[in-house]
Amino acid sequence: MNDHTRLVQFESAPGDPFHPSNTPIYQTATFAQESATEFGQYDYSRSGNPTRTILERQLAALECPDDHDARAFAFASGLAALTAATRLLKPGDELVACDDLYGGSYRLFTKLLEPRGVVVRYVDFTDKSALARAFTTRTRLIHFETPTNPLLRIVDIRAVVAAARAHAPEARVLVDSTAMSPWLQRPLELGADIVLHSATKLLNGHGDVTAGALVVHDAALAAELAFVQNAEGAGLGPFDSFLLLRGMKTLGVRIDRQQATAQRVAEHLESHPDVKEVFYPGLRGSEDRELHARQSRGPGVVISFRTGSREVSCVLVESLKLFPIAVSFGSVNSTASLPCCMSHASIPPKVRTQRRLPEDLVRLSIGLEEAADLIADLNLAMTKARALGELHAQEVHVA
């Protein structure tokens, strides 16, 4: 089945006698049972709900279209999903994480996992020798994003899986594929054990749902995660499941349009005299472009760039009219942010410096607006920011 078809053609309500064309919202906490001693398929919505079941089946089908045994689990947020995956670890186990990752993931690892006895090592996953040295006999989970957030570096999924199998055979490889979605990248097909999505972003695409997802294709691992999801109670509610299902129907057409616009915007920024550096895997000069093309179907909708000055970047972002300042990405509306002040502020400044995370970095999420309008807006903001930079330079010279 074609991927566009798969997004809109699925069983909307298996077993429902009314055969609805769209999945109903089973907005109920409990389900009446026919027997006091034998429960039916559903009893309590924390443990399972028909709307969430349909969503999870669709997530699994999108991530692993040729694997009917794949299982997906929907959570209240991306961090709730990641937390569930870390419940697979026990005190004394080791987690090897990429050093360029979402600030919330870093906060979870350092503030919650490490105090509970889990050892966390951060390493540059693009350095294969450093990665191999990071593994020990106690490594049980390997976590990375690709593209990374916010520098959009590309990690070779196949290479990480091969290194894990060679040096840490008991470890599970968890790939955060939020910036791609199953439309552009399917890590399980490349050997990963778990795929994580902040479904708040591209999967939903409309900025009106907070959700997360884990997808696996191993039955034993699925059973472990199903237990965690039920035991901790962080599963996604029926109404949000309905909204996420609705948003996912347009995933393909949204991303295709958004990344085509992102390509134009990135190329424009690359040629702009006031931009020092652009991070986007679709640019011809990107050293990661070839690798990314081997494991994905497109460069995505997120662009990061530097101006050379944190103050200039701040003025630029605040001067934009079509890019509201917001921490998330992947919506139909374009947004802008300063990661070091927002999504990655929980990473201490000293650690950001060690990881070469520029304080002047601007991150753009490209929506469905017309490319020419976005570029014009960026040009006007650049002009205002440049004027401020020139004024500041004059003041410094006079002083």
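The values are calculated or read from the model by the stated rules, or taken from the named source; none is laboratory data. Everything quoted here is computed from the prediction, not taken from an experiment. With ideal geometry, Cβ positions are generated from the backbone for all residues, glycine too; neighbour counts draw on all protein chains shown. The protein model used for the area step is the full one, side chains on, heavy atoms only, and it has no ligands, DNA or RNA in it. Shrake-Rupley method; radii C 1.70, N 1.55, O 1.52, S 1.80 Å.
When the accessible area of the chain is computed with all protein chains present and a 1.4 Å probe, what percentage of it is carbon and sulfur?
53
Classify region 108-148 from the C-alpha gyration tensor, please: rounded if a/c falls under 1.5, else prolate or oblate depending on whether a/b exceeds b/c.
Oblate.
Net charge within 11 Å of L322 by Cβ-Cβ distance, Lys/Arg positive one each and Asp/Glu negative one each, not counting L322 itself?
Once all neighbours under 11 Å are counted, the net charge is -3.
If packing is taken as the mean number of other Cβ atoms within 10 Å per residue, what is the order of 186-197, 154-165, highest first? Each step should come with its number before you reach the end.
Working: 186-197: 23.6, 154-165: 19.5.
Ranking the peptides 186-197, 154-165 by packing returns 186-197, 154-165.
For region 1-120, just the Cα set please: Rg and Dmax, both in angstrom.
18.9, 53
Which ³J(HN,Hα) values, rounded to whole Hz and listed in residue order, are derived for region 113-130 from phi using the Karplus coefficients 6.51, -1.76 and 1.60 in 6.51 cos²θ - 1.76 cosθ + 1.60 with θ = phi - 60°, glycine and proline given as x?
6, 4, x, 9, x, 8, 7, 10, 10, 10, 8, 6, 6, 7, 9, 5, 5, 5
In nanometres, what is the gap between the two model label sites at K128 and R264, each 7 Å from Cα along Cα-to-Cβ?
3.9
Would you work out if region 84-225 is rounded, prolate or oblate? Take a ≥ b ≥ c from the square roots of the eigenvalues of the alpha-carbon gyration tensor; rounded if a/c is under 1.5, else prolate when a/b is larger than b/c, oblate otherwise.
rounded
Can you tell me what percent of all Cα-Cα pairs in region 151-306 are more than 27 Å apart?
Percent of Cα pairs beyond 27 Å in region 151-306: 33.
Given an 8 Å cut-off on Cα distances and at least 6 residues of separation, report the relative contact order of the chain as a percent.
16
About its Cα centre, what dipole magnitude does the chain give when the only charges are +1 on Lys and Arg Cβ and -1 on Asp and Glu Cβ, stated in debye to the nearest 20? Present the calculation step by step, with values, prior to reporting the outcome.
Working: 41 positive and 47 negative charges, 143 e Å.
In total the dipole reaches around 680 debye.
In the structure shown, do any of K90/K111; K321/K384; K321/K350; K128/K201 have a Cα-Cα gap over 22 Å, and if so which? Please report the intermediate quantities before stating the final value.
On the way: K90/K111 15 Å; K321/K384 12 Å; K321/K350 33 Å; K128/K201 30 Å.
With Cα atoms farther than 22 Å apart: K321/K350; K128/K201.
What's the ranking of 127-135, 305-313 by average number of surrounding C-beta atoms within 10 Å, highest first?
Numbers: 127-135: 15.2, 305-313: 19.6.
Listed from highest to lowest mean packing, they are 305-313, 127-135.
Which value does Rg/Rh take for region 216-288 over its C-alpha atoms, Rh per Kirkwood?
We get a ratio of 1.22 for region 216-288.
Taking amide hydrogens as modeled 1.01 Å from N in the peptide plane, which residues meet the under 5 Å criterion relative to H272, leaving out close sequence neighbours?
HN-HN under 5 Å from H272: empty list.
Among C64, V96, A36, which residue has its Cα positioned farthest towards the positive end of the charge dipole of region 1-139, with +1 placed on the Cβ of Lys and Arg, -1 on the Cβ of Asp and Glu, and the dipole taken about the Cα centre?
Among C64, V96, A36, the one farthest towards the positive end of the dipole of region 1-139 is V96.
Highest mean first, how do 25-35, 314-324 rank when packing is the count of other Cβ atoms within 10 Å averaged over residues?
So the order, starting with the most tightly packed, is 314-324, 25-35.
Return a whole-number percent for the relative contact order of region 21-88, with Cα pairs under 8 Å and 6 or more residues apart as the contact set. Let's see the in-between values first.
Working: 44 pairs, mean separation 14.2, N = 68.
Rounded, it is 21 percent for region 21-88.
Which parts of region 87-115 would a label at F227 reach, counting a residue when its backbone N lies under 14 Å from a point 7 Å out along Cα-to-Cβ?
87-90
Where in the chain are the helices, taken as whole DSSP H runs, whose Cα atoms extend 18 angstrom or more along the long axis and whose Kyte-Doolittle mean reaches at least 0.0?
Those that clear 18 Å and a mean of 0.0 are 219-232, 371-398.
For the chain, count the residues as N, evaluate 2.2 N^0.38 Å, and divide the Cα radius of gyration by that value, please.
In units of the globular-protein estimate, the chain measures up at 1.03.
Which shape class, rounded, prolate or oblate, goes with region 163-251 when its Cα gyration tensor gives a ≥ b ≥ c as root eigenvalues, a/c under 1.5 marks rounded, and past that a/b bigger than b/c marks prolate?
oblate
Distance in nm between label sites at H68 and A166, each 7 Å beyond Cα in the beta-carbon direction?
3.7
For region 225-265 and region 137-214, what is the separation of their C-alpha centers, rounded to whole Å?
So the two Cα centres are separated by 15 Å.
When ligands, DNA and RNA are left out and all protein chains stay put, how many square angstrom of accessible area per residue does the chain have with a 1.4 Å probe?
44
At 222 nm, what value in deg cm²/dmol follows for the chain if DSSP H runs of at least 4 each add -39500 (n - 2.57) and the sum is divided by all its residues, to the nearest 500?
-11500 deg cm²/dmol
As an exercise, take the mean of 1/r over every pair of distinct alpha carbons in region 52-107, invert it, and state the Kirkwood radius in angstroms.
13.4 Å is the Kirkwood radius here.
Can you list residues whose amide H is under 5 Å from S77's amide H, if they're 5+ apart or on another chain and H is modeled 1.01 Å from N?
HN-HN under 5 Å from S77: G212.
Let me spell out the model: positive unit charges on the Cβ of Lys and Arg, negative unit charges on the Cβ of Asp and Glu, origin at the Cα centre of region 1-116. What dipole size does that give, in debye rounded to 20? Mind showing how you got there, number by number?
Numbers: 10 positive and 16 negative charges, 102 e Å.
Magnitude of the dipole: close to 480 debye.
If you place +1 on the Cβ of every Lys and Arg and -1 on the Cβ of every Asp and Glu, how big does the dipole about the Cα centre of region 140-288 come out, in debye to the nearest 20?
300
Within the chain, what percent of beta bridges assigned by DSSP are antiparallel, to the nearest 5? Intermediate results must be reported in sequence, preceding the final value.
Details: 22 of 40 bridges.
Bridges in the chain are about 55 percent antiparallel.
Only Cα pairs under 8 Å and at least 6 apart count here; give the relative contact order of region 1-132 as a rounded whole percent.
Values: 114 pairs, mean separation 19.7, N = 132.
Relative contact order comes out at 15 percent.
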